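Asks: I have a structure I would like to understand better, so I am pasting it below and will then ask my questions one at a time.
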Amino acid sequence: MPHILSALVNLNHPGHYLHWGAVQISVANLIVILLMLVTFVLALVLPFPHGKAASRRDAKAPATTPTGEQADGSTEP
Amino acid sequence: MTVTSTEPKVAVSPNDRPTWTGRFRARAVGTFPPEKLLPDRQPTYVASWIYIFGALTLAAFGVVLLSGAVLAIEGPAWWHNSSVGLYFNSAHLWGTELFFFFMVIHLWGKFFMAAWRGRRRATWITGVLAFAISIATAFTGYLSQQNFDSEWIGTQAKDGINATGAGAFWNVLNFGQMLLWHVLLLPLIVAVVIGVHVLQVRRHGVVPPFATSRAVAAAPAIAGPAAGDTGFGEDKPAVGGDGFDLDAGVAGDTILATSDPGALGDAASNTESATTATQEGGATP
Amino acid sequence: MKTKSFNPDRDVADWDGPTVRYDLFKEVTVCFVIVLILVAALSAIFSSPDEHPVTVKSWSAADPADFLQTAIAELSETSATGTYGPPYTATCGLCQKIGPVSLESLAGTRIAIDTAQDFVIGPLLTLPNAPALDAAIATFKAASAKQQASWESAYATIAASPSFTGSNVKAGAYGPVGPMMSQLLAMARSGALDGALLASPQLYNTNYTKPLLFIQDGGYLASLADAQNLGGDQWGMMNETGSYPGQAWLWLYTLWYQVPPMNTSSNGDAEVWAIMMALTLLLALVPFIPGLRSIPRWTRLYRLVWRRHYRSLQ
């Protein structure tokens, strides 16, 4: 059991650090930050699946709340 | 367009004085009707992968809580001597890394969408609060490790915290105190702040896109909240909202450029944006 | 109803347009499963760090010279803790201020530490069957402050010499301080000092203030930390032991410690905290700050987010 649960990649060795002037960053942190930036960009540019858009009339179908507000937060005209 | 009241009629017998319970229920149901609290429709403009990062952050928070609960079952020393314990400690750590990973991307997205617009300032502020308190929660977690890392972090961080005067009351070298803050007090506060944050999103909906110039030029002045409303007040519908005809807008980013008082409907101040809209050549349906 | 002008950075009309089918529970569930799988995989692949802590025992074995240099500083109350000021001692050695205000001083000495008593004399007195040591301690306590300082200074001088190893103490005018220090070293090496520092009159203790302050007063802990790039001037706040990712979200907090004037200021901690509190407030108040809240509109990144919506308007 212990062997199954031990790490496949051992990170328990001295880290590598990159230096640019006053800036110092570990390779691990740099990877995390780069991954965040890449993920952010991908989230913005990757196409999102098309849902079936309802007409405006359908959106105002009588699933209204007691207050008259729509499910999407809009109000009745 | 009529201004509809958000308050349902409280069903009480004419002879009964309103109860605290009844008043709270009326207000809660009024602010969060079921279709708003648990919607199964969303505006068509919610069509980007950036929108899932709030849910991913919440999911990571859930994994952090669950893995933390497992660690709590066996106590704070377990993970040093057990490989199962070490695995759950790893889950707790990586859950935390993912929690911040997704939260910061969520923050970036919400910033560039200016998600505070339209009485959503409380949503933004509770989000920043959740971020800050999460950092404090993670910090107490690092202090609770009972290893070299926690030793170093505690003895270093004490100087910063002592400098604020808080160190006299909040002793980062006091393991028992820090563990209790980490396991109980701070997660509770984070959960409450996240809860308020999510409820605000349910209440006001996902922020609509920036409007285009042609649509805004056609809109009357927005009858917004009374002066002094900081966005924490009641959800009031905007009068004249149907004049804000997004379908008539022009694709592109020619946003109303002016924020001068009384500028709405003022052709002179909208000249530049109107001209650009014409150049873009969109047709009004 | 009162009207006000429309500000695109602050206002937006309620949505009155079409909606699509949306499954909130499904989205949250799918996200949860995704994160669960990611965490399970990352934990299996990378595990997590767990470096053994420094104990007084391990410290005194690895670097007895540093231990004794620290111990004599504790006895003479000249160590970092001994001269700290609130919350540990009453006298401000270096009470940090913002302008004229020292919040540290205002909070008071609520975690009182007497380094001579708590780190040296008290633990030594717990040693059983040590009449010579007890006599030395009694002699030390009975001596004048000036005499004590003279003994301490002599010992500190010899301990600071490069050839000092802890076990090669030359004869000198240390008085009872010599035997006290050598007994303390032996006590540390046996592990008994760790226990004594943590001892509580009510048995149970979860407060490690004393051993941690003693350990961090020395140079050994810091040397280990510097070797792992955890030092304050190494952006250490962001880092983790080994090659693990650390706390990238602390980048801005630790940045201020690297730049003047904070990096050399004696009020550096207070200054950085003040800056970060101000910046956090600024972030929270973005919706109210003209210019700052206009950045989303100016940068036009939203065009990517809502491109389908804008296309649909054509």
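Asks: How far, in nm, would the chain grow between C:R300 and C:L125 when pulled straight, counting 0.36 nm per residue and subtracting the alpha carbon separation?
Replies: 55.9 nm
Asks: Here's a follow-up. When B:W20, C:W273 are ordered from fewest to most other Cβ atoms inside 10 Å of their Cβ, what list results?
Replies: Fewest-to-most ranking of B:W20, C:W273: B:W20, C:W273.
Asks: For the stretch B:34-49, take each phi angle, set θ = phi - 60°, evaluate the Karplus expression 6.51 cos²θ - 1.76 cosθ + 1.60, and give the result in whole Hz per residue in order, putting x for glycine and proline.
Replies: x, 5, 8, 5, 10, x, 10, 9, 9, x, 5, 6, 7, 9, 7, 5
Asks: While we're looking at this one, here's another question. What shape does the stretch C:1-136 take by its C-alpha gyration tensor, where a ≥ b ≥ c are the square roots of the eigenvalues and a/c under 1.5 counts as rounded, a/b above b/c as prolate, and the rest as oblate?
Replies: Oblate, since a/c reaches 1.5 and b/c is not below a/b.
Asks: Taking R0 as 41 Å, what's the FRET efficiency between B:V201 and C:I45 from their Cβ-Cβ distance, rounded to 0.05?
Replies: 0.75
Asks: Which whole-angstrom value gives the distance between the alpha carbon centres of the stretch B:151-203 and the stretch C:201-252?
Replies: Value for the Cα centre distance between the two parts: 18 Å.
Asks: Hydropathy at least 1.0 by Kyte-Doolittle, axial extent at least 27 angstrom from the Cα trace: which helices of chain C, defined as entire DSSP H runs, fit?
Replies: Taking the DSSP H segments of chain C (at least 27 Å long, mean hydropathy at least 1.0), we get C:24-46.
Asks: Can you find, among C:T280, C:I113, C:A227, the residue farthest towards the positive end of the dipole of chain C? Put +1 on the C-beta of Lys and Arg, -1 on that of Asp and Glu.
Replies: Value computed over the given set: C:T280.
Asks: For the stretch B:94-101, what does the Karplus curve 6.51 cos²θ - 1.76 cosθ + 1.60, with θ = phi - 60°, yield as ³J(HN,Hα) per residue in whole Hz, taken in order and with x for Gly and Pro?
Replies: 5, x, 5, 4, 5, 4, 6, 4
Asks: Can you compute the FRET efficiency between C:C92 and C:Q117 using 1/(1 + (r/R0)^6), with r the Cβ-Cβ distance and R0 = 22 Å? Round to the nearest 0.05.
Replies: Calculated transfer efficiency: 0.65.
Asks: Report the paramagnetic label zone for C:A227: residues of the stretch C:36-51 whose backbone N is under 14 Å from a point 7 Å from Cα along the Cα-to-Cβ axis.
Replies: Only C:51 fall inside the zone, counting backbone N under 14 Å.
Asks: Using the Karplus equation 6.51 cos²θ - 1.76 cosθ + 1.60 (θ = phi - 60°), what ³J(HN,Hα) coupling, rounded to whole Hz, does each residue of the stretch C:240-257 give in order, writing x for Gly and Pro?
Replies: Rounded to whole hertz, the list is 10, 5, x, 9, 7, x, x, 10, 4, 5, 9, 4, 6, 4, 6, 4, 5, 6.
Asks: Hey, can you grab everything whose amide H is under 5 Å from the amide H of C:I98? Only 5+ residues off in sequence or another chain; H modelled, so Pro and N-termini drop out.
Replies: C:L103
Asks: Could you give the dipole magnitude of the stretch B:49-204 about its Cα centre, charging the beta-carbon of Lys and Arg +1 and that of Asp and Glu -1, in debye to the nearest 20?
Replies: 1020 debye
Every number here is computed from the coordinates shown, using simple stated rules; none is lab data. As the structure is a computational prediction, the values presented were derived from the model and not from experiment. Note that we place each Cβ from the backbone using ideal geometry, even for glycine, and neighbour counts take in every protein chain shown.
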